[in-house]
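What follows is one structure encoded as C-alpha cells, with my remarks underneath.
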There are 2 protein chains.
Amino acid sequence: MITLPARLLLGPGPSNAHPDVLSAMAQPLVGHLDPAFLDLADEVQARLRRLFGTANRMTLPLSATGSGGMQACFANLVEPGDAVVIGVAGLFGERMCDVATRLGARVTRVDCAWGEVLADAAMAEAIARVRPALVAFVHAETSTGARQPVEAIARAARDAGALVVLDCVTSLAGLPLAIDAWGVDAVYSGTQKCLSCPPGLSPASFGARALERVAQRRTPVSSWYFDVELLGGYFGERRVYHHTAPISAIVGLAEALRRVEEEGMEARVARHQAASERLLAGVAKLGFEPLVAAGHRLPMLNSLLLPERVTREGEAAVRRRLLDRHGIEVGGGLGKLAGRIWRVGLMGENARPEIVDRLLAALAEELRG
Amino acid sequence: MITLPARLLLGPGPSNAHPDVLSAMAQPLVGHLDPAFLDLADEVQARLRRLFGTANRMTLPLSATGSGGMQACFANLVEPGDAVVIGVAGLFGERMCDVATRLGARVTRVDCAWGEVLADAAMAEAIARVRPALVAFVHAETSTGARQPVEAIARAARDAGALVVLDCVTSLAGLPLAIDAWGVDAVYSGTQKCLSCPPGLSPASFGARALERVAQRRTPVSSWYFDVELLGGYFGERRVYHHTAPISAIVGLAEALRRVEEEGMEARVARHQAASERLLAGVAKLGFEPLVAAGHRLPMLNSLLLPERVTREGEAAVRRRLLDRHGIEVGGGLGKLAGRIWRVGLMGENARPEIVDRLLAALAEELRG
C-alpha cells in the first residue's frame, strides 16, 4: 500500500486531521441516498448552522474545496453587469476580484496594506459611491494572518441594499462566528483548517436574502454544479439526486463537528489564543516579529517577519530543513509577502502547547549559531 | 465515533471501496506542496494517462465529483454563442444540455430512446448541419445501462472541426478506453464507480486541441475554480498553489490506480463482463429482463426491467427490504425510467461471482411466493 511520511502540519493548511476523523472516513461506504447517510447529512447541516451562528436552512458542505466555496457564492449571487465592492487585504481578497470579474461583475476594489485590515470608513465610502449589488471580504486573511472586523462593513452594505459575502475559510471552528447577528448573507469555509479534517469540502451557508436574489436572477446560474437551488434538492427536505455526495469526506466532517461541540467553542477559541501567544513569545527570542499589529492577529495563522539569519540562508531552504529533519511543515509567504514572512498555522488539533514547543525546539536547533 | 451500517453497494455508484483504498486515505495528512505528495500526484497523473489511453500532459484528478468534471469540461471549452451538438441517450446527456445552455451555448440535441444508443448517422447529420464548435456525448450512460460506440461519432465531429467531449464516469477502469485513438479531446470520470474509491474526485484529461481552444477564447473561463490553465499551474511542472488539493482522496485514488494496474485491464474487463453475464442469467429466472439489447449493454451497470411481482408491491419498497434485511443497495430508475427499471451496479471490487450470488440469494428470498 502507498505510504506517506509523518508530518506535523503547521502551515496555512491542511492541518493535521484528528485520528478519529481519519478513522470515521475510512469506514466502508454507504450510498448517498441511504437513510443512514441522510440522517448523518441532517446532523452535519445542524452542527454547521450552530458553528456558523445561523438559522439558515440552506447550510451545507459543498462538494469542493474552500476555493470552490468562493466560486459557488459568487456564481450564485453575481450576474453579469452587477456592481460589486470587494475588500482586498491579501491574496484571498485578490482572488475574489478574479472570481467575480470572470462572472461579469463590475468590481470596485478597496485595498489596504497586506497585514492590515480594511478600514470601515473606506469600505463604507465605496459602498455609498458604487451602490453595489454585493459586498465581499475575508474574515481571516490566510495570506497575511489578519483578522477583519465584520459588523460595521456588513451594516454599511446592508443599509445600501447589498448582499454581504464573507470568507471564513480559516476562521471556522477557531474563532466565534455569528453570521446572522453580523448580517452576513452568504459564507463559505474549508475543512482543512481549524476543523482538522482533510481538504475537499466547503461548508457554506446561504441566507433568505441571498436565496431571494438567486430566485430573482435575470440569467441562470452559469454553473450547474454549484447552483444553490439545485443543491437544495439534495441538501433539503426532498433529498433528490443532484450529484453524488462525497460520502467519506462528509462522514469525516461529521466526526470533526462532533468533536468541536464536545469541546465547546469557548474552550476551543481560548486554546487557539493561548497557542498563538505561546508561539509569538517563543519565536520573539529567535528574532521573528509578527507582521500584524496586536489586536488584529489571527490566532490560528501567525504571520512572522523573518530574522536576518533566515533570509541570509534563504527562507525556503530553512523550511525545507524543518521538513526533512524534523517532519515539520510551515508555510512561506504568498504574493507580495513571498520571501518576507512565514505563515505558522496552529489550527484545530494543532493549537496545543506541546505542538508549539515542538516547533520552537526544532527552530532553535536549526537557527543555532 | 460516528459509525455507519455495513452495505453492499450494488447501485449506480458509489460502489464499495477496497479496504486498502480506505486505509491509504486514512493515513495522517501531508501538505499539498510536500515533495512526497507531489511525487504521488505525478504517479496518479501517469497512471490516469494509461487508463484513459492518452498521452495528454493535462491529465489530472479534478477537486469535484464526476458531475463537477462535466461542469469543468464545458466551462473551459464552451463560450457564449458557441454551437454545440449533444447526444442525449439518457439523463447524463440531458444534464450536458443543461450545463452547456447555462454557459451560453446554442445546443442542438440528438435524442434516442432511453436504453438505446445514439445512431452514428443521426449524429453525423446534425454535425454536418450545425457545424458545431463542440460535440459531446456519454460513453457509459449510467441512467440506462447502454454502452455508446465512440469512434464514428468522434470522427464525424473532428472532420467537421469540432472538439469531442466524452463522459466516461462509469466506464473508466471497467471498459477499455483509448481516447487518443478514438479522437476524444476532453474526457472526465468519477472515482466512485469502477475505480472503487469514495466519491469526490473527477479524473479528467484535456488534449492539445482542447487546450488550444482554451488559449484562444474570446472570453475568460467563467469558473476560476475549474479553469484548466490555472489548474495546470499546480498539476503541471511548476506545482504552484491554485487551491488546496484534496490530499486524502488523491492518496486513495493512487492506491486504487495501483490496484487496477496490478490486476491489468484485460483481466479487469473480463471480470466485469463475467459478473454481468452471471447476474443476467440469474435474474432472468426471477423474471427480470435487460432493458438494453445484447451488444450494447454495460457490464458494470445492468438496467433491469422489473417483473410484475416487484411493481405490484412497489419497486421502492422491495429495494428498501433489500437494504434493511440484507444490507444490499440497488438503484432505482431515473427520469423517464423511474419505477420501470432497477440499476444493478457490479463495479470494480464488486464485479465478482460471489457478490452476484449474494444478491441473487437475497432477491430469491425477497421475491419468493
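The values are calculated or read from the model by the stated rules, or taken from the named source; none is laboratory data. This structure is a prediction, so every number in the text was calculated from the model and none was measured. Using ideal geometry, Cβ is built from the backbone for each residue, glycine included, and neighbour counts are taken over all protein chains shown.
Tabulated values for the structure
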{"quantity": "Output for the range A:209-240, where each listed residue is away from every other protein chain (no Cβ under 11 Å) and polar (S, T, N, Q)", "calculated": "A:Gln216"}
{"quantity": "Which numbered condition B:Ala317 misses (of (1) surrounded by 14 or more Cβ atoms within 10 Å (Cβ to Cβ); (2) aliphatic (A, V, I, L, M); (3) over 20 Å from the mean Cα position of the chain (by Cα))", "calculated": "(1)"}
{"quantity": "Which listed residue is part of a helix (DSSP H, G or I), surrounded by fewer than 24 Cβ atoms within 10 Å (Cβ to Cβ) and at pLDDT 95 or above, from A:Arg109, A:Arg49", "calculated": "A:Arg49"}
{"quantity": "Total residues in the range A:284-307, condition farther than 17 Å from A:Gln148 by Cβ and either touching a Phe, Trp or Tyr at 6+ places or on another chain (Cβ under 9 Å) or at pLDDT below 95 (or both)", "calculated": "5"}
{"quantity": "Filter result for A:Thr101 (touching a strand residue (DSSP E or B) at 6+ places or on another chain (Cβ under 6 Å), more than 13 Å from every other protein chain (Cβ to nearest Cβ) and hydroxyl-bearing (Ser, Thr, Tyr))", "calculated": "no"}
{"quantity": "Residue ID - surrounded by the fewest Cβ atoms within 10 Å (Cβ to Cβ), chosen from residues in the range A:21-42 that are of a type in the set (Gly, Ala, Ser) and within 8 Å of another protein chain (Cβ to nearest Cβ)", "calculated": "A:Ala36"}
{"quantity": "Residue within the range A:5-23 that is of a type in the set (Val, Ile, Thr) and in contact (Cβ under 8 Å) with a residue 12 or more places away in the chain present", "calculated": "yes"}
{"quantity": "Qualifying residue in the range A:114-124 (condition: modelled with pLDDT of 95 or more, within 11 Å of chain B (Cβ to nearest Cβ) and in contact with a Phe, Trp or Tyr (Cβ under 8 Å, 6 or more places away or on another chain))", "calculated": "no"}
{"quantity": "Within the range B:4-20, tally of residues that are at the interface with chain A (Cβ under 7 Å from one of its Cβ atoms) and part of a loop (DSSP other than H, G, I, E, B)", "calculated": "9"}
{"quantity": "Any pair with Cβ under 9 angstrom, 6 or more apart, that starts in the range B:257-273 at a residue that is at negative phi and among the β-branched types (Val, Ile, Thr) and ends at one that is at pLDDT 95 or above and loosely packed, with under 13 Cβ neighbours inside 10 Å", "calculated": "B:Val269/B:Pro176"}
{"quantity": "Tally of residues being of a type outside the set (Phe, Trp, Tyr), touching a residue at least 24 places away in the same chain (Cβ under 8 Å) and farther than 16 Å from A:Cys197 by Cα across the range A:46-59", "calculated": "9"}
{"quantity": "The listed residue being in contact with a Ser or Thr (Cβ under 8 Å, 6 or more places away or on another chain) and part of a helix (DSSP H, G or I), out of A:Ala126, A:Ala210, A:Ala121", "calculated": "A:Ala126"}
{"quantity": "Hits in the range B:333-361 (condition: over 12 Å from B:Met300 (Cβ atoms), small (Gly, Ala, Ser) and buried (at least 20 other Cβ atoms within 10 Å of the Cβ))", "calculated": "B:Gly333"}
{"quantity": "Tally of residues being in contact (Cβ under 8 Å) with a residue 12 or more places away in the chain and surrounded by fewer than 18 Cβ atoms within 10 Å (Cβ to Cβ) across the range B:284-295", "calculated": "4"}
{"quantity": "Residue satisfying condition, being within 14 Å of another protein chain (Cβ to nearest Cβ) and of a type in the set (Lys, Arg), within set B:Arg271, B:Arg258", "calculated": "B:Arg258"}
{"quantity": "A:Pro203, sole failed condition from (1) more than 22 Å from the chain's Cα centre (by Cα); (2) closer than 20 Å to A:Asp39 by Cβ; (3) away from every other protein chain (no Cβ under 13 Å)", "calculated": "(1)"}
{"quantity": "Filtered residue count, the range A:53-94, keeping only those that are touching a helix residue (DSSP H, G or I) at 6+ places or on another chain (Cβ under 9 Å), hydroxyl-bearing (Ser, Thr, Tyr) and within 14 Å of chain B (Cβ to nearest Cβ)", "calculated": "2"}
{"quantity": "Some residue of the range A:67-79 being more than 27 Å from A:Thr219 (Cα to Cα) and among the β-branched types (Val, Ile, Thr)", "calculated": "no"}
{"quantity": "Failed item, numbered, when A:His243 is tested on (1) assigned to a loop (DSSP other than H, G, I, E, B); (2) more than 10 Å from chain B (Cβ to nearest Cβ)", "calculated": "(2)"}
{"quantity": "Meets criteria (in the same structural domain as B:Ile127 (by TED's automatic domain parsing) and within 21 Å of B:Glu261 (Cα to Cα)) for B:Gln45", "calculated": "yes"}
{"quantity": "Only one of A:Thr219, A:Thr191 that is assigned to a loop (DSSP other than H, G, I, E, B), at negative phi, modelled with pLDDT of 95 or more and more than 21 Å from the chain's Cα centre (by Cα)", "calculated": "A:Thr219"}
{"quantity": "Criterion: part of a helix (DSSP H, G or I) and buried (at least 21 other Cβ atoms within 10 Å of the Cβ) - qualifying residue of A:Ala274, A:Ala249, A:Ala281", "calculated": "A:Ala249"}
{"quantity": "The range A:357-369 residues that are of a type in the set (Gly, Ala, Ser), paired with ones that are surrounded by 13 or more Cβ atoms within 10 Å (Cβ to Cβ) (beta carbon under 8 Å, 6 or more apart)", "calculated": "A:Ala362/A:Leu322; A:Ala362/A:His326; A:Ala362/A:Ile328; A:Ala364/A:Leu286"}
{"quantity": "Failed criterion for B:Ser303 (all others in (1) more than 13 Å from chain A (Cβ to nearest Cβ); (2) in a helix (DSSP H, G or I); (3) among the hydroxyl-bearing types (Ser, Thr, Tyr) hold)", "calculated": "(2)"}
{"quantity": "Residue match in the range A:113-133 (condition: free of Cβ contacts under 8 Å to residues at least 60 places away in the same chain and under 15 Å from the mean Cα position of the chain (by Cα))", "calculated": "no"}
{"quantity": "Filtered residue count, the range A:52-74, keeping only those that are in a helix (DSSP H, G or I) and more than 17 Å from the chain's Cα centre (by Cα)", "calculated": "0"}
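This table checks each residue for (1) assigned by TED's automatic domain parsing to the domain that holds B:Leu166; (2) under 30 Å from B:Gln27 (Cβ atoms); (3) in contact (Cβ under 8 Å) with a residue 60 or more places away in the chain; (4) of a type in the set (S, T, N, Q).
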residue	(1), (2), (3), (4)
B:Ala186	yes, no, yes, no
B:Ser189	yes, yes, yes, yes
B:Leu195	yes, yes, yes, no
B:Leu201	yes, yes, yes, no
B:Ser205	yes, yes, yes, yes
B:Ala208	yes, no, yes, no
B:Val228	yes, yes, yes, no
B:Phe235	yes, yes, yes, no
B:Ala275	no, no, yes, no
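Every residue, every condition in (1) of a type outside the set (D, E, K, R); (2) outside any strand (DSSP E or B); (3) not assigned by TED's automatic domain parsing to the domain that holds A:Ala140, yes or no:
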site: A:Arg309; (1), (2), (3): no, yes, yes
site: A:Val318; (1), (2), (3): yes, yes, yes
site: A:Leu323; (1), (2), (3): yes, yes, yes
site: A:Glu329; (1), (2), (3): no, no, yes
site: A:Arg343; (1), (2), (3): no, no, yes
